[in-house]
Each structure stands twice: as C-alpha cells, then as structure tokens.
Amino acid sequence: MDRIYRLKQGMGGRYAVERDGRLCWLEGDVFGDYTPGLEIEPGKSVTLAPVRPSKIMAIGLNYKDHAAEMNKALPAEPLVFMKPASAVIGPDAPIRVPTWAGRVDHEAEMAIVIGRRAWQVKASQAMDYVLGVTCLCDVTARALQVSDVQYTRAKGFDTFAPIGPCIAVGLDPSSLAIEGWVNGDKRQASNTNQLIFPVPELVEFVTRFCTLEPGDIITTGTPSGVGPLTPGDRMMVKVEGVGALSNPCVEG
Ligand code: MG
C-alpha cells in the first residue's frame, strides 16, 4: 500500500510516495497515474498537509458514544457542515487556540480524500472515488458552536483543520482503530466500524447535492472523549494504517 506525502520544496509542495519501505519523489499525477521516482531520505523535509482541498465536508454525531456525551439525539441522516480550506494546516504546524472564544475542543477523526470528481455517486460505487485515508483533527470552538446558530465560526478558524501526515492509498476505511491523544494521554479510542453512517453512504449523501473534486475531504466524525485544548498542549490523532498526526497548540 502506498502512503503519499506532500513535502515542502521551495515555496510550495511536492508529492512523495512511500512504497515497500522506500520514500521516493512521485512522478506523474497523484490523482491519476504515478510512479515512484528518485529515492529521497525520510525526515529531511517538512511534511505539509497532504492535500489542499477546495472544501472539507465534515460529519457530526456519527458515533453513538459521542452523540451520547453531547446529549444529542442520533441524526436520522448524516449531519453535514463545512470547514473552510483556510483552516487547513499540516503535521506539526501550530493550532492557534483563540482563548477569547471560550472552550476549544479536539475531535480526532478519520478522513477520506477524494481521488476523482464525484457527483451523484451511489454508495455501491463510492470507493472508486476515494483515493485514500488520512487523519484530521476537527478542532472546534465549543462555546461558539453552542452560542452561534450554525457551525461556520466554531469549526472554521484558521488552523482548525490539521490534516495528515499522509494519504494511505486504497486503505479500506471500514474498520480502522482511531485514537485521540493530548500530551501523551489517550483521550479518545474507537474504531471506524462504529460509524453510524459509513464512508460509502457519506459519499452518496454528500454528492447528491455537491460535487466533490480531487483532493476534497470528507471527515467522518469523532468518537467520545472530546475535551479542551489549551496553549502548550500537543494534540495527536492516530488512525490505523495511516499513522499519527501531531500538532502543538499555541495561543492565537
Ligand atoms: Mg467533528
């Protein structure tokens, strides 16, 4: 299985592919045909967010235990909201915690990266449109989520969408361990087999009203154990088969 990284090069990013234990520059189109090129030394370059999505479709209340801890009823159909592209950061980039906004929470999530333009895709065909799996932290200004009528501000601050460290290409998202850690303490632990609405249904639901472009993301919701982040914390999301996404928190 390939793992695709986007590494800093000059002012931009360049894709690399890890295959059979070797990290190589990616030659070709990450969303089309590609092959491993020249081998490169791991750890020499800054790892960026693996994609720059045009949009992030986020699903709320998609684990029963999280709905219960929020004292919310299970939705009859997926509860969807958007996080803006401007919220995206990569591994190790700081999450800016707006201390004026009240409580800010971590939400460890498994996210999928779209590989082909998707419009009105049936669940039975959905996985043909998924390039792979990554980790996402759906950072949430919880107090604003409660006080605002809708989620745009609470979910949309700059730096509130850490993504990475890679795209695990072709990884089956239906049964993956997922964990959220703060300062080395495991706060969230579940498995994507607990999703109320699994990935194929989410792709069908979203593409019924909205075209997903290559690089767009659906983040599938968080299990129970959400809690506050404060400046000085380090947040980590782990998804089985993907790896760990780790970000420090600073005052912002
Ligand atoms: Mg969430």
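The values are calculated or read from the model by the stated rules, or taken from the named source; none is laboratory data. This one's a predicted model, so the numbers in the text were calculated from it and none came from an experiment. Here the Cβ is made from the backbone with ideal geometry for all residues, glycine too, and neighbour counts use every protein chain on show. With ligands, DNA and RNA removed, areas are computed over all heavy atoms of the protein, side chains included. Shrake-Rupley method; radii C 1.70, N 1.55, O 1.52, S 1.80 Å.
Rounded to whole numbers, the Karplus 3J(HN,Hα) couplings from phi for the range 145-153 are 4, 6, 7, 7, 5, 10, 9, 3, 6 Hz, using 6.51 cos²θ - 1.76 cosθ + 1.60 with θ = phi - 60°, and x at Gly and Pro. Applied to the range 10-17, the Karplus parametrisation 6.51 cos²θ - 1.76 cosθ + 1.60 on θ = phi - 60° returns per-residue 3J(HN,Hα) values of x, 8, x, x, 9, 6, 10, 10 Hz, with x for Gly and Pro. The percentage of C-alpha pairs in the chain whose separation is greater than 28 Å is 27%.
Average accessible surface for the chain: 43 Å² per residue, computed with a 1.4 Å probe over protein heavy atoms with every protein chain in place. With R₀ set to 41 Å, the beta-carbon distance separating D128 from D158 gives a calculated FRET efficiency near 0.75.
Pairs from the list K83/K238; K44/K64; K64/K186 with a Cα-Cα gap above 30 Å: K44/K64. On full extension, the segment bounded by M11 and I40 gains 8.6 nm, given 0.36 nm per residue less the C-alpha separation.
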